[in-house]
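Shown next, in structure tokens, is the structure this report addresses.
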Amino acid sequence: MTIGDVKKNIHTYTEQERARILSALDGMFTVLSKNSLRNFQKEWVGSQHTYKEFCVEQNRLFLQLIDIETSEVGKEVRKDMGLAPLTLETELPTVN
């Protein structure tokens, strides 16, 4: 499965698939993107929103981070951090 596949299908995965896929993506992101995800999650703790709303908004954030990480600027940031560039063709690692 590629990052492009995830981008196209993020709203169609079962809860279990979604958890594995987002975990794999999280492991591929820069520390900057990981911090964005952690801050987002902290903001939702104790909120009055439903879990379904959380998932929709978290998916939206993952899509934004994919766009950033695969952009030209993202490639330069990743390069400066000693990381390989991400593209929509990049394969996700297998996550159990």
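Roughly speaking, what is the stretch gain from Tyr51 to Leu63, that is 0.36 nm per residue apart minus the C-alpha to C-alpha distance, in nm to one decimal?
Gain on stretching Tyr51 to Leu63: 2.5 nm.
Given the peptides 62-75, 1-14, arrange them by the average over their residues of other C-beta atoms within 10 Å, most packed first. Walk me through the numbers on the way to the answer.
Working: 62-75: 16.6, 1-14: 13.9.
Top to bottom by mean Cβ count within 10 Å: 62-75, 1-14.
Using a Cα-Cα cut-off of under 18 Å, which lysines could be cross-linked to Lys52, ignoring same-chain neighbours fewer than 8 residues away?
Lys42
Reported to two decimal places, what Rg/Rh ratio describes segment 3-80 when computed on Cα atoms with Rh from the Kirkwood expression?
0.98
All of the numbers you see were taken from the coordinates with simple rules; none came from a lab. A quick note: this is a predicted structure, and the numbers were derived from the prediction, not measured. Glycine also receives a Cβ, built like all others from the backbone with ideal geometry; neighbour counts cover every protein chain displayed.
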